[in-house]
């Protein structure tokens, strides 16, 4: 039998990373919950990398006289050089039970406009002055600022800015076949719907209808992206386990590894990977799986 225990491997990897980051995860929980809790926090964390910085033109005009100009400039400079923006997020960022509905629905982050670090939490001191930004892998678009108040995290104006000034960013989410949606809600009502565990799948913006850029959220409050990725990871691990059990010799022959020496392991660093320890090589990267047994046999001839 091959030496492997993929479920335990991933639990240990998540425990190691969580301890380093300060995420409280219990290994006594179910495998599904452990993955989901970890991904819940990981989903909210902004990767530290250089991004193209863009501004809402109207907001850019306001900057010179903005009372939080220094804080905004500091955050934008950090974004441009690949600095850590996470310290400006909510101090609840590392809590597995804290869900950012604005991020889940529209892929829009918010930052607290302060330069004072709270020594206890390591985050900036939480303020009522917030900076909103749309972030993807390559760019960050600063949309504007507002106060922490009812409905602000569900205000359609953030999507309207993207629609008006950066239509190419959300073009892929536009549904040109649907011209309107029946549900008409204001910001406070939309926030109440989100808080109730419901999600509106599409949003009317000006004369267009968009599928939510952040996909949405489940009734549990978790991001839909998190719940679907959790299921995908569990299925991936199960598939690899079955393939290696059913095609041990074929896989080892294909990798030029002696079956008695082979030891496969799941590793989670920058990416989720299947590695083989006797040769210390990466075999597959999530969601890749092995080719089927017949194809392996053909390649081994």
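Values quoted throughout were computed directly from the atomic coordinates according to the rules given, and no laboratory measurement underlies them. Worth saying up front: this structure is predicted, and the values here are computed from it rather than measured. As a convention, Cβ positions derive from the backbone with ideal geometry for all residues, glycine included, and neighbour counts pool all protein chains shown.
The mean sequence distance of close C-alpha pairs (under 8 Å, at least 6 residues apart), as a share of the length of the stretch 166-289, puts its relative contact order at 15 percent.
Dividing the C-alpha radius of gyration of the stretch 1-146 by 2.2 N^0.38 Å, with N its residue count, gives 1.22.
Would the stretch 108-170 count as rounded, prolate or oblate if I go by the C-alpha gyration tensor, calling it rounded below 1.5 in a/c and otherwise prolate when a/b exceeds b/c, oblate otherwise?
On the way: a/c = 3.18, a/b = 1.71, b/c = 1.86.
Since a/c reaches 1.5 but b/c is at least a/b, the shape of the stretch 108-170 is classed as oblate.
Which FRET efficiency, nearest 0.05, do residue 273 and residue 67 yield, Cβ-Cβ r, R0 45 Å? List each step's numbers first, then the result.
Numbers: r = 47 Å, r/R0 = 1.05.
The computed FRET efficiency comes out at 0.40.
For the stretch 45-215, the calculated P(r), taken from all Cα-Cα distances in 5 Å bins from zero up to the bin holding the longest distance, is 1, 8, 17, 21, 21, 16, 10, 4, 1, 0, 0 percent.
Given axes a ≥ b ≥ c from the Cα gyration tensor, I'd like to know whether the stretch 126-233 is rounded (a/c under 1.5), prolate (a/b larger than b/c) or oblate. Rounded shape, in that the Cα axes give a/c under 1.5. Semi-axis lengths, largest first, of the ellipsoid equivalent to the chain are 42, 23, 18 Å, with √(5λ) applied to each eigenvalue of the Cα gyration tensor. Based on alpha-carbon centroids, what's the gap between the stretch 171-248 and the stretch 32-108 in Å, whole number please? Centre-to-centre (Cα) distance: 20 Å. Once the convex hull of all Cα atoms in the stretch 83-126 is built, its volume per residue stands at 81 Å³.
For residue 248 and residue 282, a Förster radius of 22 Å and the Cβ-Cβ distance give a FRET efficiency of 0.70, rounded to the nearest 0.05. Diagonalise the Cα gyration tensor of the stretch 227-301 and give the resulting equivalent ellipsoid semi-axes, square root of 5 times each eigenvalue, largest first, whole Å. Values for the stretch 227-301, descending: 22, 15, 10 Å. The alpha carbon convex hull volume per residue for the stretch 174-301 rounds to 163 Å³.
When Rg and Dmax are taken over the Cα atoms of the stretch 1-44, they come to 11.1, 40 Å.
Pairs of Cα atoms nearer than 8 Å and 6+ residues apart set the relative contact order; for the stretch 45-215 it is 21 percent.
By the Stokes-Einstein formula, at 1.002 mPa s and 20 °C, the stretch 183-254 with its Kirkwood radius over alpha-carbon pairs has D equal to 139 µm²/s. Placing R0 at 45 angstrom, the Cβ-Cβ distance between residue 47 and residue 206 gives a FRET efficiency of 0.90 after rounding to 0.05.
Please state the relative contact order of the chain as a whole percent: Cα pairs under 8 Å, 6+ residues apart?
That works out to 18 percent.
Extending 7 Å from Cα along the Cβ direction at residue 239 and again at residue 193 yields two label points whose distance is 3.4 nm.
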